1. Looking at the stretch 40-56, I want the residues that are within 11 Å of I126 (Cα to Cα) and of a type outside the set (V, I, T) and have a partner that is open to solvent by less than 50 Å² (accessible area, probe 1.4 Å) and assigned to a loop (DSSP other than H, G, I, E, B) with Cβ atoms under 9 Å, at least 6 apart or on another chain. Which pairs are those?
2. Does the stretch 115-136 contain any residue that is part of a helix (DSSP H, G or I), open to solvent by 50 Å² or more (accessible area, probe 1.4 Å) and of a type outside the set (S, T, N, Q)?
3. A91 - would you say it is of a type in the set (A, V, I, L, M, F, W, C) and surrounded by 13 or more Cβ atoms within 10 Å (Cβ to Cβ)?
4. What number goes with the only condition from (1) at positive phi; (2) over 17 Å from the mean Cα position of the chain (by Cα) that H162 does not pass?
5. Could you say which residue among A107, A94 is in a helix (DSSP H, G or I), within 17 Å of G59 (Cα to Cα) and of a type in the set (A, V, I, L, M, F, W, C)?
6. Of everything in the stretch 60-86, what is open to solvent by 50 Å² or more (accessible area, probe 1.4 Å) and basic (K, R)? Give them in sequence order.
7. Among M97, M106, which is the only one that is modelled with pLDDT under 95, farther than 24 Å from P42 by Cα, surrounded by 12 or more Cβ atoms within 10 Å (Cβ to Cβ) and over 16 Å from the mean Cα position of the chain (by Cα)?
8. If you scan the stretch 139-148, which residues turn out to be open to solvent by 50 Å² or more (accessible area, probe 1.4 Å) and not small (G, A, S)?
Amino acid sequence: MSKRSLIAGVIIGFVIGVFAFPLMVKFSFKEMMFKQVVSPYPFEKTVQLIADRINKQPGWHVVDIIDQRKEIIKYGGEDVGNVKIIKFCNAKYAAEMLKDDDRKYMAVKMPLSIAVVEKSNGKVVIALMNGYLNSRMFAGTKEGEIMEKVVRDIEQILGFVHFRFTIFD
């Protein structure tokens, strides 16, 4: 291989990488950052089942269940259908995360949320942030270590739908 073709290959590879990588991220970001799984149960039963499973998971408790539909209508928005957000927390993990001043910024993601939505086709979907990907972004840090524990617990909470965190579906 000549020096000229090697240089040309490097330049072409660089240019493709500069344009291809952002496009790949743009088109796969939603699937990477957010996880959705269809529930086999009706809307209200799914909300109640998740709340019960959170409260039975050692250390976890439901902080609030927000009826997003009701809130939107109350403050002048149009009806979006059934949407509830389950806010939940583990005091031990939260204290471990927030006790160090350098990690207090993580409070912005607390308490955690799981959304239950009923789509216009009648399917009930459970949606949440990809905790696995978040924990990998903090790999090798105390934040990542705590997030890994949270990921394992959430997988158990959502075990009734065989949920597992992955990078892609």
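1. Filtered contacts from the stretch 40-56: F43/N82.
2. The first filter runs over the stretch 115-136 and keeps only residues part of a helix (DSSP H, G or I), leaving 131-136.
If we keep only those that are open to solvent by 50 Å² or more (accessible area, probe 1.4 Å) too, we end up with 132, 136.
From the residues that got through so far, the ones that are of a type outside the set (S, T, N, Q) too are 132, 136.
Yes: the stretch 115-136 contains one or more residues that are part of a helix (DSSP H, G or I), open to solvent by 50 Å² or more (accessible area, probe 1.4 Å) and of a type outside the set (S, T, N, Q).
3. Details: of a type in the set (A, V, I, L, M, F, W, C): yes; surrounded by 13 or more Cβ atoms within 10 Å (Cβ to Cβ): no.
The answer is no for A91.
4. (2)
5. On the way: A107 fails: within 17 Å of G59 (Cα to Cα).
None of the other options fit; the residue is A94.
6. Scanning the stretch 60-86 gives R69, K70, K74.
7. Details: M106 fails: over 16 Å from the mean Cα position of the chain (by Cα).
Being modelled with pLDDT under 95, farther than 24 Å from P42 by Cα, surrounded by 12 or more Cβ atoms within 10 Å (Cβ to Cβ) and over 16 Å from the mean Cα position of the chain (by Cα) holds for just one of M97, M106, which is M97.
8. T141, K142, E145, E148
The values are calculated or read from the model by the stated rules, or taken from the named source; none is laboratory data. The structure presented is a predicted model; accordingly, all values stated were derived computationally and were not measured. Using ideal geometry, Cβ is built from the backbone for each residue, glycine included, and neighbour counts are taken over all protein chains shown. With ligands, DNA and RNA removed, areas are computed over all heavy atoms of the protein, side chains included. Shrake-Rupley method; radii C 1.70, N 1.55, O 1.52, S 1.80 Å.
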